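Colleague: Quick one: the structure is below, questions incoming.
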Amino acid sequence: MTDTAQDAGILPQGAWLPEIHRALVDLLETHGVNSPDYNPDRPPLAVLDCDETLIHNDIGEAMLRFMVARRRLKTDRGFWNIIPERFGREAINAAYKAVAGRSDHEVNDTAAYRRYRAGMLNVYESIRETEGLEAAYLFAARMLRGLHERTVAELVEEVIDYELDRTVGHDDIPHGPPFGGMTVPTGIRVYQEMLELLHALNTYGFQTWIVSSSNVNIVRALARRLGHPEEQVLGIELATQGGVFTDKAEEPVPVGEGKLELFLDTVGRSPVLAIGDSMNDFEMLENCEGLSIVLDKGDEELLEKAEELGWMVQPGLSI
């Protein structure tokens, strides 16, 4: 049997570059159950980013857009305080009140609905541009504020069904003056190679963690679909009171250094495999004690760091 055939039995090559595929197979053999040093009480660790690494597109952003479009929000006074006044809180609130309590088919073609939806989505983009990733991801997660845990448990399943059924492409959000329109991605897909890698890691006795900057509820729901233990998923987690989500995020927030901090606080040791796609994953990749792989999604700063540090770079995977 050739080496290639043997490797394919461990992990299908798929779209992996040959050198990366070989490195992954070596890692499985060196650290997995076939290793003489393997300890089932202290299994080797792997850590994967979710959005644009495990899956195509961003599930947290998709949930934000779904909740806004379907008006699945608890819009009390505290909710509106989540929106910075300088980003048009009053205009968005007024537009929302004009469509509240009416069916989708009644409001979807109205100027008020367009203003409300464009306004809400522009808030997210404006926060990301002016305040950074952590503030933007927290804003998206805080859309759950005021909802009961049971409601969110049903909602995340609805979002995943919706996004898995959508065509992978783009959707034009019409402008709603004074808020501009935008084009947003549609559909999520789990990369085939990542599914196969998760299976191989499990077969070879690794403990694999998914660490995301999306809200933990939606990422855990996705993990369950993949047969992955939801207790090995980390993301932004909001505190609850009486089963209702507040707008207070548990610390550390898993963005940038916070991803690594939360992982180490939870797991207590470093992984031998880390995969990510952006500078949001840099600290997590840098902490890896084995193989760090960067998925090339156009983050030039991360690609420069990868070249400097000798990390492997993988182009697109299979949807």
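The values are calculated or read from the model by the stated rules, or taken from the named source; none is laboratory data. On a predicted model such as this, the values are computed, not experimentally measured, just so you know. Cβ coordinates were reconstructed from backbone atoms using ideal geometry, including for glycine residues, and neighbour counts include every protein chain displayed.
Colleague: Report, by residue number, each residue of segment 124-153 that is over 20 Å from Q241 (Cβ atoms) and in a strand (DSSP E or B).
Modeller: none
Colleague: Please determine whether any residue of segment 168-183 is surrounded by 16 or more Cβ atoms within 10 Å (Cβ to Cβ), in contact (Cβ under 8 Å) with a residue 60 or more places away in the chain, assigned by TED's automatic domain parsing to the domain that holds D277 and of a type in the set (F, W, Y).
Modeller: Looking through segment 168-183, none of the residues is surrounded by 16 or more Cβ atoms within 10 Å (Cβ to Cβ), in contact (Cβ under 8 Å) with a residue 60 or more places away in the chain, assigned by TED's automatic domain parsing to the domain that holds D277 and of a type in the set (F, W, Y).
Colleague: Out of the residues in segment 252-280 meeting the condition of being of a type in the set (D, E, K, R) and out of contact with any helix residue (DSSP H, G or I) (no Cβ under 7 Å at 6 or more places or on another chain), tell me which one is surrounded by the most Cβ atoms within 10 Å (Cβ to Cβ).
Modeller: The initial filter retains those residues of segment 252-280 that are of a type in the set (D, E, K, R), namely 257, 259, 261, 265, 269, 277.
Okay, now just the ones that are also out of contact with any helix residue (DSSP H, G or I) (no Cβ under 7 Å at 6 or more places or on another chain), so 261, 265, 269, 277.
Working: E261: 16, D265: 12, R269: 12, D277: 22.
That would be D277.
Colleague: Would you mind stating whether V233 is within 30 Å of E29 (Cβ to Cβ) and either surrounded by fewer than 16 Cβ atoms within 10 Å (Cβ to Cβ) or outside the structural domain of A135 (by TED's automatic domain parsing) (or both)?
Modeller: Judged against the criteria, V233 is a match.
Colleague: Also: Looking only at helices (runs of 4 or more DSSP H) that fall completely inside segment 66-119, which ones have 2 or more residues that are of a type in the set (F, W, Y) and modelled with pLDDT of 95 or more?
Modeller: Those helices (runs of 4 or more DSSP H) span 77-80.
Colleague: Please work out which residue is nearest to the chain's Cα centre (by Cα), limiting yourself to segment 39-89 and to residues that are crowded, with 17+ Cβ neighbours inside 10 Å and among the basic types (K, R).
Modeller: The qualifying residue nearest to the chain's Cα centre (by Cα) is R65.
Colleague: A follow-up question, please. Would you please name the residue that is surrounded by the most Cβ atoms within 10 Å (Cβ to Cβ), looking only at residues in segment 287-311 that are within 20 Å of P43 (Cα to Cα) and free of Cβ contacts under 8 Å to residues at least 40 places away in the same chain?
Modeller: S292
Colleague: So is E283 over 20 Å from P44 (Cα atoms), surrounded by 15 or more Cβ atoms within 10 Å (Cβ to Cβ) and assigned by TED's automatic domain parsing to the domain that holds I20 or not?
Modeller: Against the criterion (over 20 Å from P44 (Cα atoms), surrounded by 15 or more Cβ atoms within 10 Å (Cβ to Cβ) and assigned by TED's automatic domain parsing to the domain that holds I20), E283 does not qualify.
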